[in-house]
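S.K.: Mind having a look at this structure? Questions to follow.
Values quoted throughout were computed directly from the atomic coordinates according to the rules given, and no laboratory measurement underlies them. Since we're looking at a predicted model, the values are computed, not measured. Reconstructed Cβ throughout: ideal geometry from the backbone, glycine too, with neighbour counts over all protein chains shown.
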Amino acid sequence: MITVNFNSKKITPSKIVCIGRNYVEHIKELDNEIPSSMVIFMKPNSSISFELSTCKEEPIHYEGEISFLMESNKIAGVGFGLDLTKRGIQSKLKEKGLPWERAKAFDGATVFSDFVKFDDDVNSLHVKLFINDKLIQDGSVTHMLYKPKEMIQEIISFSTLEDGDIVMSGTPKGVGIVNSGDKFLGQIFFENTLLVEKKWIAK
């Protein structure tokens, strides 16, 4: 099982629970409908990677997200996450009403920074993604359709959150293709204070 770093400890998430279509501007950029209820999907532990990789078969799209590490059904830590998507496959599956796992749960489909302890006001969290030194994604909890407490309540209404599981809270507008050699910098802020950041160079 793959581990993530949380306060200098190795933590093993049993799963990653993702919230889709949680920022209105991102919904619009993909020409999707605003959902009438929370969109939730899951990724396995095996999707976690510490490298950001492209795909020879088809383009990989990045989605930068505020990510929460859970303990006792509460947010214990926060980190930056990249939800990677095979958009072409996803579009074909969506057209047929089929599940998204081939597009979202493949090996290497989830990349994280370290996680840092967090027990303050989640509504003051902010995410930024720079690619090649240009700000590409910029969003905060206040922009979300569903706030973190609502996400957690909805998830645990039908699925157990084990300690160490990760909740990815959705992506703001600005998603696009990962190109080999691109320099990624993901950051999470509490108000104006930088909590955690991580750099990758796409392979």
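S.K.: Dipole size in debye (nearest 20) for the chain around its Cα centre, Lys and Arg Cβ +1, Asp and Glu Cβ -1?
M.R.: Computed about the Cα centre, the dipole is about 480 debye.
S.K.: Reachable lysines from residue 74, Cα under 17 Å, same-chain residues fewer than 8 places away excluded?
M.R.: 15, 117, 147, 149
S.K.: Through the Karplus equation 6.51 cos²θ - 1.76 cosθ + 1.60, θ set to phi - 60°, convert the phi angles of the stretch 129-135 into ³J(HN,Hα) values in whole Hz; use x for Gly and Pro.
M.R.: Karplus-based 3J(HN,Hα) across the stretch 129-135 equals 10, 10, 10, 6, 6, 10, 5 Hz.
S.K.: Related question: Please list, ordered by chain and number, the residues whose modelled amide H lies under 5 Å from the amide H of residue 176; skip anything fewer than 5 residues away on the same chain.
M.R.: So residue 176 has HN proximity to 62.
S.K.: With a point put 7 Å past each Cα toward its Cβ, work out how far residue 199 is from residue 3 in nm, to one decimal.
M.R.: Between residue 199 and residue 3, the label points sit 2.6 nm apart.
S.K.: Less than 13 Å apart at the alpha-carbon level, and either on another chain or at least 8 residues along: which aspartates and glutamates does that give for residue 104?
M.R.: Within the straight-line limit of under 13 Å, residue 104 reaches these aspartates and glutamates: 63, 83.
S.K.: At a threshold of 8 angstrom on Cα-Cα distance, excluding pairs fewer than six apart, so keeping six or more, what relative contact order does the stretch 4-201 reach in percent?
M.R.: 32 percent
S.K.: What does the charge count near residue 165 come to, summing +1 for each Lys or Arg and -1 for each Asp or Glu among other residues with Cβ under 13 Å from its Cβ?
M.R.: Residues close to residue 165 contribute a combined charge of 0.
S.K.: What does the charge count around residue 70 come to, taking other residues whose C-beta lies under 9 Å from its C-beta (Lys +1, Arg +1, Asp -1, Glu -1)?
M.R.: On the way: positive: 74; negative: 71, 162, 163, 165.
The answer is -3.
S.K.: Can you work out the Karplus-derived ³J(HN,Hα) for every residue in the stretch 175-190? Use 6.51 cos²θ - 1.76 cosθ + 1.60 with θ = phi - 60°, whole Hz, and x for glycine or proline.
M.R.: 5, x, 8, 7, 10, 4, x, 5, 9, 9, 9, x, 9, 10, 10, 10
S.K.: Please report the Cα spread of the stretch 4-201 along all three principal axes, rounded to whole Å, starting with the longest.
M.R.: In descending order, the Cα extents are 40, 38, 30 Å.
S.K.: Follow-up question, since we're still on this one. Taking a ≥ b ≥ c as the square roots of the Cα gyration tensor eigenvalues, with a/c under 1.5 meaning rounded and otherwise prolate when a/b beats b/c, else oblate, which class fits the stretch 61-128?
M.R.: prolate
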